[in-house]
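What follows draws every value from the coordinates through simple rules; no lab data is involved. The model shown is predicted, which means the values in this text are computed figures rather than measured ones. Cβ atoms come from the backbone with ideal geometry, glycine included; neighbour counts cover every protein chain shown.
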Amino acid sequence: MRPCASAYWSTIRPACSASHDKIRQPSQRGRHVAQSDTTKLTNPVKEIMQAGGVALGMTVRLGRSPDIARIAKATGHDFVFIDTQHSIFDLETIAAIAHTALAIGVAPLVRVRGIDDPDVSLLLDNGVTGIIYPDVANAAEARKAVDTCKFAPIGKRSVVGGYPHFDYRAVPLTESVPQLNDACLLVCMIETVEGLNNVEAIAAVDGVDVLHVGSNDLLVNMGKPGKFDDPAIVAAQDRVIEAAKAHGKFSGIGGNRNVGRQVAAVRRGAQFVTTQTDIAFLAAAAGEWTQGVRKGIG
């Protein structure tokens, strides 16, 4: 049986650094847009990792209500990982979740369908603050991702006025463009042997922020489906962690739905962790409850 939520957080949180605990205080983590004389857009996930902490994200596959962002925050998550690669979402639903997330200091990130997904610019223009690209195999694909997600001089993203990230205020492009570039989190997933073999070149691409190991797909590609304790996957994760570190990027672990293995990856240097899907959390909690009742009544 999977651990209940309280057991989960008491287990994984000690692996996080003191700087992460500090940045999670309400006075340090509010809205993405600070309400002050100077409009400033920030990404809480970037802030946590830059401070040496660990950012935890809930993968969203089932939830369609914007309040899934509130559930993520209430359960200790720093970002929502909206999965459009494996689930069906319409753009308006994603925008609604993103707007709620922005308002409460949770980073709304979207895993798109692939390197050529045509919706990336729409997502970023309408509240999303990060894109996760699955199965990035080489530096050329990483460069294409940067071109789509980042404005010049880093990439080739098109500009528009009235961004929800600034509550639709009229922020001059001289201010909004660099802030949006800084706040946009670009995540490249390493999910194949080809991607692993090219991870150093991918990490060297300017504009990439995170290298994220898709453990499930990588194991399948290695011919070792489900073998999460195999030395080969541990070595692959370590190679990604070291490549990211060598190029000033962050590293992450996903697809590994085990608290102990997630904590071990954090202790080896991972800072961007997808904990579980909303489906798995709901099923685990409901199953634990009904089993408890049935056990109690005999």
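Restricting the calculation to alpha carbons of region 92-171 gives Rg and Dmax of 13.0, 39 angstrom.
For region 183-253, the Kirkwood estimate of the hydrodynamic radius, built from every pair of different alpha carbons, is 12.0 Å.
Other residues with beta-carbon under 11 Å from the beta-carbon of residue 72 carry, at +1 per Lys or Arg and -1 per Asp or Glu, a net charge of -1. Taking a Cβ cut-off of under 13 Å around residue 240, the surrounding Lys, Arg, Asp and Glu residues balance to a net charge of 0, with basic ones at +1 and acidic ones at -1. Rounded to the nearest 20 debye, what is the charge dipole size of the chain about its Cα centre when +1 sits on each Lys and Arg Cβ and -1 on each Asp and Glu Cβ? The dipole of the chain has a size of about 920 debye. Here region 156-298 was treated as a single set of alpha-carbon atoms; its pair distances binned every 5 Å from 0 give 2, 9, 15, 15, 13, 11, 11, 10, 7, 4, 2, 1, 0, 0 percent. Using every pair of distinct Cα positions in the chain, the Kirkwood expression returns a hydrodynamic radius of 19.4 angstrom.
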